[in-house]
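The values are calculated or read from the model by the stated rules, or taken from the named source; none is laboratory data. In this text the structure is predicted, and so the values were computed from the model without any measurement. Backbone-built Cβ (ideal geometry, glycine too); neighbour counts: all protein chains shown. Side chains are part of the model used for accessible areas, which takes the heavy atoms of the whole protein and leaves out ligands, DNA and RNA. Shrake-Rupley method; radii C 1.70, N 1.55, O 1.52, S 1.80 Å.
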Amino acid sequence: MGKKLYITEKPSVAASFAEVLGMKITKQDKSRGYAESEHSVVTWCFGHLITMAYPDAYDAKYREWKVEDLPIIPEQYKYIVIDDEGVKKQFETIKTLMNRDDIDLIYACTDSGREGEYIYRLVYEQSGSNKSAKRVWISSQTEEAIKEGIRSAKDISEYDSLAKAAYSRAKEDWLFGMNFSRIYTCMYGRKLSSFLKESKSSVVAIGRVMTCVLGLVVDREQEIRNFVPKKHYGIAATFLSSDSNLLYKGKWTPQDKKDSKEADDEEKYISREEAQKVIENLKGHPGKIKKVEVKTKKEQPPLLFNLAELQSEANKKFKLPVDKTLEIAQWLYEKKLITYPRTDSRVLSTDVLHEIPKVLNGIYKNPEYKDYVLKIKEMGDLKVTKSTKRYVDDSKVTDHYAIIPTYVTADTVRMDDNTKNVYNLIVKRFLAIFFPPAVYNTVRVETAVNNEIFVSNAKTLKEAGWKEVYEVSVAKQDEELTEVPIHLLTKNEMAEVKEFELEEKETKPPSRYTDGSLIITMEKAGKFIEDEELREQIKTCGIGTSATRAGIIKKLSDIGYIKINPKTQVVTPTLKGEAIVEVVRRTAKELLSPSLTASWEKGLAMIENKETSCEIFEEKLYAYINKTINKVKKSSGNIELSKIINTGA
């Protein structure tokens, strides 16, 4: 009986597989690119080893960028080994192993997702091997998960639709990048460099997802720049209740909004004159309490993290760049401390529930979390079961369930601050779902003055529930809430009006994106779509994927199209980024459309789910590339950037 060959995506993951297979990877093994035992061989990629060839591999004439040669749409796509000495050496090693006579079965152990599938398939295809292969699909790097992944590995053909989606995605990105970058560079590169006062003609980098994201950033900046603040006015009254002797404030609510749910949140856009007229009409009239409404409100624990939410939260709380959070999450995964991070799901699948007690026991061994786990155990049966649809729902799990800790106890003392912070976010979000809801007492008081209503609100935390995990002991106060014990007021109680106050406010522009909020916007691209049916169709498909979003934002920063403030993480476009968006807007604005970009992502998901074929998808893709390239060709090239962009000069 022959040996089994295990191929992982990275050397660090290979070490975990080797351990499970009874091997230890030595320095000598690292040098030769694989480890071997009597029954098994373990080798590894360095991420991507194979890439799509540049256009000049198809025809030498493409070395020169010319408009008349576009679009370039190959009949057969060419793939080459990445031009790096280490990569070439490792590929040759894997190729030799894949074709060795004593290897009778290959296990594909690359990351369980579209990109991991693509990495393995390209290597297999380029190696010329015809050996049988099985796919190891795991959601964590723990010993148990790896053993189970190997035991239950399915024939590689079960993942053919995933591989087809991966190949189509790569072709799509190649076609967009190669064709649109060339045409915009040829037609507008010189004009752009002249406008930016650069000595060389600018290369205009265009990408299917990248350009769309750049458009979002530029649109937001222009919205802020063109924003004209408007002054509006509100009225506040200070009352002294006659029986309970409480001094409290209330906000005037126009009669047409008093029963509206938005009454307390929506600004009352009235003029100074209108507000003063109301005050004049009310002067000299007493107040009378019409309603005292005391309610108990429950706040459920938040959903678990997917990658986008984790990146957003770490960005908000710790100002961590989104690519840094992904890097940390990947490290935690490879160290067996968390489950697979590149997930879009925020719930668990039913098949992972049996592991939860073991995970809690692992967390219990860490002194930082011990007390929380003790409380969960004291509560009796776990609050999360198959019927807890909020946190357990197979229909909402895509390739992987939400990010949670594994049973491996982390040595948080030895972690750097950033790593500890990210791990802590994941653990606490997980622990919180086993706690009861937080309970608030809310009070709403309506005080009438001459038939006009003034509303007062209060909110106090009655039971911390899950918020105990976050050490929240008091309700967060904001301007709408009062700390005065207004629940002591009674209906029909009279109240003296001590004063009326005219409140002057100003409308505010939308906030700039941070790279954390940009990630969430990319994930929820459907909100930009007016067509309800299309919005429903692509609600699970944002712009880019959980695996690629951080890299896209980083690339936009690296090539100088956006700036990310290192302290605040606020994202702004550069002049170059703005200029490129304006050129695209005036020539092929659909390249900036979030709905179109997200619908391409939906098409890839349909290939993966066998709802369409890659042939149909690629036929539509080629038609789109042809049509849009011809549209750009017809644009005159006479765009005066200095007239349409405010340089701030």
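In the complete set of protein chains, residue-level accessible area for SER613 is approximately 40 Å², probe 1.4 angstrom.
For the chain, DSSP calls about 80 percent of its internal beta bridges antiparallel.
Solvent-accessible area of LEU282, all protein chains in place: 0 Å² (probe radius 1.4 Å, heavy atoms, ligands and nucleic acids excluded). Taking a straight Cα-Cα cut-off under 12 Å and skipping sequence neighbours fewer than 8 places away in the same chain, the aspartates and glutamates within cross-link reach of LYS335 are GLU143, ASP411. Taking amide hydrogens as placed 1.01 Å from N in the peptide plane, the amide H of LYS336 sits under 5 Å from those of GLN141, each at least 5 positions away in sequence or on another chain.
Convex hull volume per residue, computed on the Cα atoms of the range 1-154, equals 130 Å³. On a 28 Å Cα-Cα criterion, which of the cross-link pairs LYS154/LYS370; LYS317/LYS459; LYS10/LYS164 come out too long? Correct reply: LYS154/LYS370. The GluC sites (Glu not before Pro) of the range 40-85 that DSSP puts in a loop, and whose beta carbon has at most 14 other beta carbons within 10 Å, are GLU64, GLU75.
Remark on CYS45: its backbone amide H falls under 5 Å from those of THR8, GLU9, LYS10, a criterion applied only to residues 5 or more positions apart or on other chains, H modelled at 1.01 Å from N. Near ILE625, once Lys and Arg are set to +1 and Asp and Glu to -1 for all other residues with Cβ below 13 Å from its Cβ, the sum equals +2. Separation of the range 35-52 from the range 550-586 is 37 Å, based on Cα centroids.
Sorting MET1, MET23 by accessible area puts them as MET1, MET23; the probe is 1.4 Å, largest comes first, and only protein heavy atoms count.
Within straight-line reach of LYS277, meaning a Cα separation under 13 Å, sit the following aspartates and glutamates at least 8 residues removed in sequence or on another chain: GLU452, GLU501. Between LYS620 and HIS48, the modelled labels are 2.4 nm apart [label points 7 Å from Cα along Cα→Cβ]. The listed residues LYS498, LYS30, once ranked by accessible area (1.4 Å probe) with the largest placed first, stand as LYS30, LYS498. The charge dipole of the chain, taken about its Cα centre with unit charges on the Cβ atoms of Lys, Arg (+1), Asp and Glu (-1) only, comes to about 760 debye. Candidate cross-link partners of LYS95 among the aspartates and glutamates, defined by an alpha-carbon separation under 18 Å and a same-chain spacing of 8 or more, comprise GLU9, ASP29, GLU36, ASP83, ASP84, GLU85, ASP104, GLU117, GLU125.
Annotation for the range 91-107 versus the range 419-451: alpha-carbon center distance of 55 Å.
Taken one residue at a time, the phi angles of the range 620-628 give Karplus couplings (6.51, -1.76, 1.60, θ = phi - 60°) of 5, 4, 5, 5, 5, 4, 4, 4, 6 Hz. Gly and Pro are set to x.
Charges were assigned to the Cβ only: +1 to each Lys and Arg, -1 to each Asp and Glu. The resulting dipole of the range 401-456 about its Cα centre is roughly 220 debye.
Taken about its Cα centre, the range 110-178 carries a charge dipole of about 200 debye when Lys and Arg each add +1 at the Cβ and Asp and Glu each add -1 at the Cβ. The heavy atoms of HIS400 present about 0 square angstrom of accessible area, all protein chains included, probe 1.4 Å. Among the GluC sites (Glu not before Pro) in the range 184-244, those located in a DSSP loop and surrounded by at most 16 other Cβ atoms within 10 Å of their own Cβ are GLU198. Tell me, what is the FRET efficiency for GLU506 and ASN441 to the nearest 0.05, using R0 = 35 angstrom and their Cβ-Cβ distance as r? Efficiency computed from Cβ-Cβ geometry: 0.55. Among PHE500, PHE617, PHE227, the order of accessible area from largest down is PHE227, PHE500, PHE617, computed with a 1.4 Å probe on protein heavy atoms. Using a probe of 1.4 angstrom and keeping all protein chains present, the accessible surface of the chain works out to 49 square angstrom per residue. Per-residue ellipticity at 222 nm for the chain, helices alone: DSSP H runs ≥ 4 residues times -39500 (n - 2.57), over residue total, nearest 500 deg cm²/dmol? Estimated from H runs of four or more residues: -12500 deg cm²/dmol.
Taking 0.36 nm per residue of separation and subtracting the current Cα-Cα distance, fully stretching the chain between LYS297 and GLU19 would add 95.0 nm. Computed 3J(HN,Hα) for the range 192-198, one whole-Hz value per residue from the Karplus formula 6.51 cos²θ - 1.76 cosθ + 1.60 where θ = phi - 60°, is 5, 5, 5, 4, 8, 6, 9, glycine and proline marked x. Heavy-atom surface analysis with a 1.4 Å probe gives the range 43-114 a carbon and sulfur content of 46 percent of its accessible area.
Legend: distances between Cα atoms for LYS27/LYS88; LYS377/LYS428; LYS66/LYS631; pairs beyond 18 Å are LYS27/LYS88.
For TYR107, nonlocal amide neighbours, meaning residues 5 or more places apart or on other chains whose placed amide H falls under 5 Å from its own, are LEU5, TYR6, ILE7, LYS134.
Across the range 575-584, computed HN-Hα scalar couplings (Karplus, 6.51 cos²θ - 1.76 cosθ + 1.60, θ = phi - 60°) run 4, 5, x, 5, 4, 5, 4, 5, 5, 5 Hz from first to last residue, x flagging Gly and Pro.
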